[in-house]
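This report refers to the structure that appears directly beneath it.
The values are calculated or read from the model by the stated rules, or taken from the named source; none is laboratory data. None of these values were measured; they are calculated from a predicted model. A quick note on method: Cβ atoms are made from the backbone with ideal geometry, for glycine too, and the neighbour counts reach across all protein chains shown.
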Amino acid sequence: MVKTVISGHAKIIRDCVNSAMEIFGRTLTLRTGTRTLDAFGQLSAITSSDTTFTGDLQFGLDLDQRFISTGVVEVGEAVLYLSATALTTLPIPQDQIVDGDSVWEILDQIEAPELGGDSTFYTFRCRRRISGTDN
């Protein structure tokens, strides 16, 4: 019988990933929405809240091309890298990421690598929302 030993260096590596995100990441905004239905099941209100965090949104030439070649993301989509400690609540599909004037909708989570049982970072697949200022 083989006993699995958890690496004592996992916390150090996780902390290095978090430090790299602080250095190379930029300030983004997570916009979450809550939909309220009336007694007839019709949408009656939508409220949203914004939370700023440090992350990295890669798209275009900055995107790791292996995501496209393996079919994880399509051309024109983006990948959001998020430190495991950046937010208290993880984004879910239909939440939005605001990056300057651009708004990206989260489609799904790609992966959450772990070291020693602790998540190091999360990646999400995103698609840019078309706005009235786009030509």
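Here are a few things to note about the model shown:
- Scanning region 49-68 for residues that are surrounded by 11 or more Cβ atoms within 10 Å (Cβ to Cβ) and among the polar types (S, T, N, Q), we see that the one that is nearest to I92 (Cα to Cα) is T51.
- Residues satisfying the stated conditions in region 58-111, i.e. touching a residue at least 40 places away in the same chain (Cβ under 8 Å), assigned to a loop (DSSP other than H, G, I, E, B), in contact with a Phe, Trp or Tyr (Cβ under 8 Å, 6 or more places away or on another chain) and closer than 17 Å to G33 by Cβ: L87, P91
- The numbered conditions (1) over 21 Å from D108 (Cα atoms); (2) modelled with pLDDT under 85; (3) of a type outside the set (D, E) are all true for G41 except (2).
- Tally, over region 78-107, of residues that are within 15 Å of R129 (Cα to Cα) and not hydrophobic (A, V, I, L, M, F, W, C): 9
- The residues of region 69-97 that are among the hydrophobic types (A, V, I, L, M, F, W, C) and loosely packed, with under 15 Cβ neighbours inside 10 Å, listed by number, are V75, I92.
- Residue in region 20-31 that is out of contact with any Lys or Arg (no Cβ under 8 Å at 6 or more places or on another chain) and aromatic (F, W, Y) present: yes
- Across region 13-28, the qualifying residues are those that are loosely packed, with under 12 Cβ neighbours inside 10 Å, of a type outside the set (D, E) and assigned to a helix (DSSP H, G or I), and the one among them that is modelled with the lowest pLDDT is S19.
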